[in-house]
Amino acid sequence: MYDYTFGQVADAGRKHAVRIINNRKGRVLEVGVGTGLSLPAYGKHLTITGIDLSPEMLEKAMGKVAKKGLDNVDGLHEMDASALGFADESFDTVVAMYVMTVVPDPVKVMRELERVCAPGGEVILVNHFSQEHGIRGFFERKLAHFADLIGWHAVFEPERILVCEDLRLVERRPLWPLGLFTMLRFVKEPGLGIGTQAARTFLASGARDIGEAEAAAPQPKAAFARRMLDLNYWRSLYRRLQSQLAER
């Protein structure tokens, strides 16, 4: 039933995230791959790994991979998003779509996404974030009492996942339908995350990308110096350059 119910509701956000990822190169980890709805949309130049906690969903995802001949899917694994079985800095892009409101510990999951993302890589979230005011906010607060029954948290503030100092929030975009879901895009820059308070300022500003909000949350000059002295940053750039040259 999933593909024809929530899978359809979430289709626009899924396609938007994959379009962005298809402009990138290297290895992609999709956390919460589910029944594999997004897998056929990824560019063939990308190497895709998916994880999910549900073996039944993974079985359907594997069926899609076999039926459509998706040779760029490197593996689909039964795995807990809060304890990823991958080495540090394993992926160039890490994406989690419609995951954060259904996991018991979103902070732990967020730190795992940060850990397995290479410096210079991106972490992309597509998720429902609640509103404090208006009709939608009223209904979300009412639904919050039934979180265990419906399987997701209707009240979920973005501040709950702004916990990683190495992830700099660079874009926020409301998605169809009616802005119910939001895409947040982070770049992993060791020691240069804009910080929770600055990220809150960015989110409150209404700007879509960090360029529009730089005046509200400027980076200190010392941050640039730390980046230039970070060996992990240069090592990541070298590894990514090698990967891109190998693919040509």
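The values are calculated or read from the model by the stated rules, or taken from the named source; none is laboratory data. Since the structure is predicted, the reported quantities are computational estimates derived from the model, not experimental observations. All Cβ positions, even for glycine, are placed from backbone atoms using ideal geometry, and neighbour counts span all protein chains on display.
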Inset, instruction - Within the stretch 36-60, track down each residue that is charged (D, E, K, R) and in contact with a helix residue (DSSP H, G or I) (Cβ under 7 Å, 6 or more places away or on another chain). - result: 52
Inset, instruction - Return the only residue of 110, 100 being within 27 Å of residue 182 (Cβ to Cβ), touching a Pro at 6+ places or on another chain (Cβ under 7 Å) and buried (at least 20 other Cβ atoms within 10 Å of the Cβ). - result: 100
Inset, instruction - For the stretch 94-115, indicate whether the set of residues that are in contact with a helix residue (DSSP H, G or I) (Cβ under 9 Å, 6 or more places away or on another chain) and more than 26 Å from residue 174 (Cβ to Cβ) is non-empty. - result: no
Inset, instruction - For the stretch 94-105, state whether one or more residues are part of a strand (DSSP E or B), closer than 14 Å to residue 167 by Cα and at pLDDT 95 or above. - result: yes
Legend entry - Matching residues in the stretch 14-23 - criterion: being within 15 Å of residue 123 (Cα to Cα) and touching a residue at least 24 places away in the same chain (Cβ under 8 Å): 14, 16, 17, 18, 20, 21, 22
Inset, instruction - Would you check if residue 90 is closer than 16 Å to residue 28 by Cα, among the hydroxyl-bearing types (Ser, Thr, Tyr) and modelled with pLDDT of 95 or more? - result: yes
Inset, instruction - Output the number of residues of the stretch 136-195 satisfying the condition of being surrounded by fewer than 19 Cβ atoms within 10 Å (Cβ to Cβ), among the aromatic types (Phe, Trp, Tyr) and at pLDDT 55 or above. - result: 1
Legend entry - Failed condition for residue 89, given (1) in a loop (DSSP other than H, G, I, E, B); (2) at negative phi: (2)
Legend entry - Matching residues, the stretch 28-47, being farther than 23 Å from residue 174 by Cβ and within 14 Å of the chain's Cα centre (by Cα): 28, 29, 33
Legend entry - Checklist (1) touching a residue at least 12 places away in the same chain (Cβ under 8 Å); (2) farther than 27 Å from residue 174 by Cα applied to residue 50, failing item: (2)
Inset, instruction - Give me the pairs, please: first residue somewhere in the stretch 24-37 and surrounded by 24 or more Cβ atoms within 10 Å (Cβ to Cβ), second residue anywhere and assigned to a loop (DSSP other than H, G, I, E, B), beta-carbon distance under 6 Å, and either six or more positions apart or on two chains. - result: 31/81; 31/99
Inset, instruction - Residues being outside any loop (DSSP other than H, G, I, E, B) and over 22 Å from the mean Cα position of the chain (by Cα): count how many of those fall in the stretch 66-82. - result: 3
Inset, instruction - Inspect all residues belonging to the stretch 40-56 and state whether any of them is modelled with pLDDT of 95 or more, crowded, with 20+ Cβ neighbours inside 10 Å and part of a helix (DSSP H, G or I). - result: no
